[in-house]
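Since the structure comes first, as C-alpha cells, the remarks are kept for the end.
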Amino acid sequence: MIIACTDATAVADDFQDGVSAYERDDFQTALHKFRLASHNGSTSAKYNLGQMHRRGEGVKKDYTIAAKWFKEAAEEGDAEAAYNLGTMLDAGQGLEQDSKEAVRFYRIAADQGIPQAEYNLAAMYRSGYGVTKDTTIAAYWYLKAARKGIAEAQYRLASLYLDGDGIPTDIVRAHMWFSLAELNGYLEGGIERGRIESKMTAQEIDLSNSIGIKCLAYKLTKCK
C-alpha cells in the first residue's frame, strides 16, 4: 500500500506529485518526488520509498534500502512502516534477523491499531519468540486482531479459551470464536467447532450462537 496523504508541510506538493506519478505507473518520477519530500521531512514519503524499494518499482529491488526507509518512518511514528519493518526483522529480510526488534516494531504498529501487527505480536507472546512467553498478553492482542476480522486470530483466541491458556476456560466462547473463524473463511475453525460440540450441551451451543449473532451485529467490536 502506498500512502496517499502526507504531513501538512511545504513538502505537500512534491509528495502529491509523487503519488500522482505512482498512480500512473511513472515510478521514476514518483521516486524523485518522494525523495525530495523525504529529504524535507515527509514521513509518508519515507514509507513510500520503503515500499518501492521492497517491491522493485522503478528501482532494483533492495531490501536493505527498503528497511532503512521503513526504519526512518517507523521511528517517526508511522504505523505501517513499523509493521513492515517488523516483518523484515522477523524474517531477516534486508537486515539481520532480530526477533526482539521485530517485537518492538510490531508493538509500535499494534499500539496504533494495525490488525496484522496485533496478530503477529500475539503470536510472539504465545510462543515466547523474541519476548518472554505470556499467554495472557497473547490473548489480549489476539482479541484485538480478532475483533478486526483476522480469521487466524479468531481461531487462536478460541484455542486459548478452550485450553484455559492465559484466560479462563470458556467452551462457549471457544465455540463462538471457532464459528466466527469458520465464517471468515478459516476452515480449521469449523473442524474444531464440530469437534467440541460433542462435549457441549444444547443450551451451551444455543448460547454460543446467540452471542455470535450479537457480535456480528456489532461488527465484532464488542466481542469478548
*Please tell me if Y129 is of a type in the set (F, W, Y), at pLDDT 95 or above and touching a helix residue (DSSP H, G or I) at 6+ places or on another chain (Cβ under 6 Å).*
yes
*Scanning for something touching a Cys at 6+ places or on another chain (Cβ under 8 Å), in contact (Cβ under 8 Å) with a residue 40 or more places away in the chain and farther than 30 Å from K61 by Cα, does region 144-167 turn up at least one residue?*
yes
*asked:* Would you confirm, using the coordinates I've provided, whether G56 is exposed (fewer than 15 other Cβ atoms within 10 Å of the Cβ), modelled with pLDDT under 95, of a type outside the set (S, T, Y) and closer than 26 Å to F105 by Cα?
replied: no
*Are any residues in region 182-224 among the acidic types (D, E) and more than 26 Å from the chain's Cα centre (by Cα), and if so, which ones?*
E197, E204, D206
*Go through region 182-214 residue by residue and tally those that are surrounded by 12 or more Cβ atoms within 10 Å (Cβ to Cβ) and within 14 Å of Y161 (Cβ to Cβ).*
10
*Please report, ordered by residue number, the helices (runs of 4 or more DSSP H) entirely within region 37-147 with at least 3 residues that are more than 30 Å from K219 (Cβ to Cβ).*
43-55, 63-75, 79-91, 99-110
*Taking only region 156-177 into account, find how many residues are buried (at least 24 other Cβ atoms within 10 Å of the Cβ) and either in contact with a strand residue (DSSP E or B) (Cβ under 6 Å, 6 or more places away or on another chain) or closer than 19 Å to K219 by Cβ (or both).*
4
*asked:* Looking only at region 200-224, filter to residues that are farther than 11 Å from H175 by Cα and charged (D, E, K, R); which one of those is modelled with the lowest pLDDT?
replied: K222
*Taking the options G113, G130, G77, name whichever one is under 10 Å from the mean Cα position of the chain (by Cα) and on the phi > 0 side of the Ramachandran plot.*
G113
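The values are calculated or read from the model by the stated rules, or taken from the named source; none is laboratory data. Just so you know, these numbers come straight off a predicted model, no measurement behind them. Neighbour counts run over all protein chains shown; Cβ positions are idealised from the backbone, glycine included.
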